[in-house]
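Engineer: Got a structure here, written out as structure tokens. Questions coming.
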Ligand SMILES: Nc1nc2c(ncn2[C@@H]2O[C@H](COP(=O)(O)OP(=O)(O)OP(=O)(O)O)[C@@H](O)[C@H]2O)c(=O)[nH]1
Ligand code: SF4
Ligand SMILES: [Mg+2]
């Protein structure tokens, strides 16, 4: 059994404050969409409005816009009760106030947010209309209270706001710990496929693979570890099929052939994209492979420098599979560790290793940099699966990434005037034949 993607992977960010301070405007500014109704009538937002989105560099977040909590009367009390519930499920509280306004009301709201043990970011909105007095700034500094000046109606300060959210994000979001145990129920089994080839470190298995074993044991799940050559026999031996097969991407094609379609299948590096990177954004980037043309520059980046264990996969296999997929030669550059070009403009695509040696903040900063420069960044396992035609299958355990994949493919179809995925498959088949 596979459980739906845990809500725990989404950082919940609640917007709180008086009525009419611009909470809904701020939500619209950050999402660049009309998510929440804005008006100059106080009390416009009555029930909490939720908006899930990918917010780089944090990753998946859920914004919750709430009703102003300075309301009075019976209706006001109901709104306040709903807003309180929203505080309880927030991981970050954004206290929105008008620049220059900081009264007992804001102090009480701050105390309430802090009582829930969540980090607070003060958004000093409408900075175009009002000045922030120095004593307010001093008070924030003294208490080390993160704050940012904004004009929600124009988007001014929104980049800084996003950066501050990232700075104060709780450690478990910056460094989530669940590798795959949310995909395998207690007492169920996961099969890990680890080829012991010339790339394998001498006398041991890779750290990530050891962590997967530990993660499964922590989840009271069972774990079968096999080489690719032993997979078929191992599956035959199991009385009940495993909940998932996780493979090294280097043998993805073979493992996909052996593993029955009814058994979910993914790769270690796809688990890493979810853990350390942004699986949804990196999935969308994998689909941009279709836009590559012979001669285009592709950057292959690895996080570690000290051992060339990915030598073969990054330098030989990925180029071979990708060039086979696009039907021509590409211009690959390979970099390691911090040796990452500042100017990414020559590249059409960045393919990154899973960054098992890095923490999530580091990887997300790199993803954020690519995003700022408008260059898609994907990951080894995702691009391998895509070029081998098995990405949809490899994403089945991750509903949000699967939806992003289908959406990206649909957009591609629309761009070439094909009306459905099955039509595209038919066209691809006719080209192959
Ligand atoms: N000048 C200026 N006006 C703003 C700014 N942000 C919001 N407004 C205006 O302030 C009014 C209230 O904005 P909303 O976003 O609806 O405020 P809210 O906090 O969601 O209000 P409630 O839902 O009633 O609690 C609207 O007329 C907005 O256009 C800003 O930065 N500058
Ligand atoms: S940091 Fe990257 S290249 Fe180095 S071992 Fe981990 S996944 Fe491989
Ligand atoms: Mg509102």
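Engineer: Do we have any residue at all in segment 60-83 that's away from ligand 3 (no atom under 16 Å from the Cβ), within 18 Å of residue 124 (Cβ to Cβ), touching a helix residue (DSSP H, G or I) at 6+ places or on another chain (Cβ under 8 Å) and part of a strand (DSSP E or B)?
Structural biologist: No, every residue in segment 60-83 fails to be away from ligand 3 (no atom under 16 Å from the Cβ), within 18 Å of residue 124 (Cβ to Cβ), touching a helix residue (DSSP H, G or I) at 6+ places or on another chain (Cβ under 8 Å) and part of a strand (DSSP E or B).
Engineer: Listed residues 322, 349; which is closer than 28 Å to residue 407 by Cβ, in a helix (DSSP H, G or I) and touching a helix residue (DSSP H, G or I) at 6+ places or on another chain (Cβ under 8 Å)? Steps first, please.
Structural biologist: Working: 349 fails: in a helix (DSSP H, G or I).
One residue alone meets the criteria, 322.
Engineer: Go through segment 183-198 residue by residue and tally those that are in a loop (DSSP other than H, G, I, E, B) and surrounded by 17 or more Cβ atoms within 10 Å (Cβ to Cβ). Walk me through how you get there before you give the answer.
Structural biologist: Restricting attention to segment 183-198, the residues satisfying the condition of being in a loop (DSSP other than H, G, I, E, B) are 184-188, 194-198.
Still in the list and also surrounded by 17 or more Cβ atoms within 10 Å (Cβ to Cβ): 184, 188, 194-195.
Total meeting the criteria: 4.
Engineer: Counting only residues that are within 17 Å of residue 89 (Cα to Cα) and buried (at least 17 other Cβ atoms within 10 Å of the Cβ), which one in segment 25-52 is farthest from ligand 1 (Cβ to nearest atom)? Spell out the reasoning first.
Structural biologist: At the first step, the residues of segment 25-52 found to be within 17 Å of residue 89 (Cα to Cα) are 47-52.
This time we only want the ones that are buried (at least 17 other Cβ atoms within 10 Å of the Cβ), so: 48-49, 51.
Working: 48: 11, 49: 9, 51: 13 Å.
The residue in question is 51.
Engineer: Kindly list, by first and then second residue, each pair from a residue in segment 38-57 that is closer than 30 Å to residue 373 by Cα to a residue that is assigned to a loop (DSSP other than H, G, I, E, B) and within 10 Å of ligand 1 (Cβ to nearest atom), limited to pairs with Cβ atoms under 8 Å and residues at least 6 apart or on different chains.
Structural biologist: 51/36
Engineer: Let me ask something else about it. Within segment 212-224, is even one residue in a strand (DSSP E or B), buried (at least 17 other Cβ atoms within 10 Å of the Cβ) and in contact with a helix residue (DSSP H, G or I) (Cβ under 6 Å, 6 or more places away or on another chain)?
Structural biologist: Yes: segment 212-224 contains one or more residues that are in a strand (DSSP E or B), buried (at least 17 other Cβ atoms within 10 Å of the Cβ) and in contact with a helix residue (DSSP H, G or I) (Cβ under 6 Å, 6 or more places away or on another chain).
Engineer: What number goes with the only condition from (1) modelled with pLDDT of 95 or more; (2) loosely packed, with under 15 Cβ neighbours inside 10 Å; (3) within 24 Å of the chain's Cα centre (by Cα) that residue 154 does not pass?
Structural biologist: With respect to (1) modelled with pLDDT of 95 or more; (2) loosely packed, with under 15 Cβ neighbours inside 10 Å; (3) within 24 Å of the chain's Cα centre (by Cα), residue 154 is out only on (3).
Engineer: Something else about it: Scan segment 9-24 for residues that are more than 7 Å from ligand 1 (Cβ to nearest atom) and not in a loop (DSSP other than H, G, I, E, B) and jot them down.
Structural biologist: Of everything in segment 9-24, those that are more than 7 Å from ligand 1 (Cβ to nearest atom) and not in a loop (DSSP other than H, G, I, E, B) turn out to be 9, 11, 12, 13, 14, 15, 16.
Engineer: Here's something else I'd like to know. Under 6 Å between Cβ atoms, which residue pairs at least 6 apart in sequence (or on different chains) link something in segment 20-34 that is farther than 15 Å from residue 161 by Cα with a partner that is part of a helix (DSSP H, G or I)?
Structural biologist: As it stands, the answer is 34/28, since those pairs meet every condition given.
The values are calculated or read from the model by the stated rules, or taken from the named source; none is laboratory data. Predicted model only: the values in this text are computed from it and were never measured. Cβ: placed from backbone, ideal geometry, glycine included. Neighbour counts: every protein chain shown.
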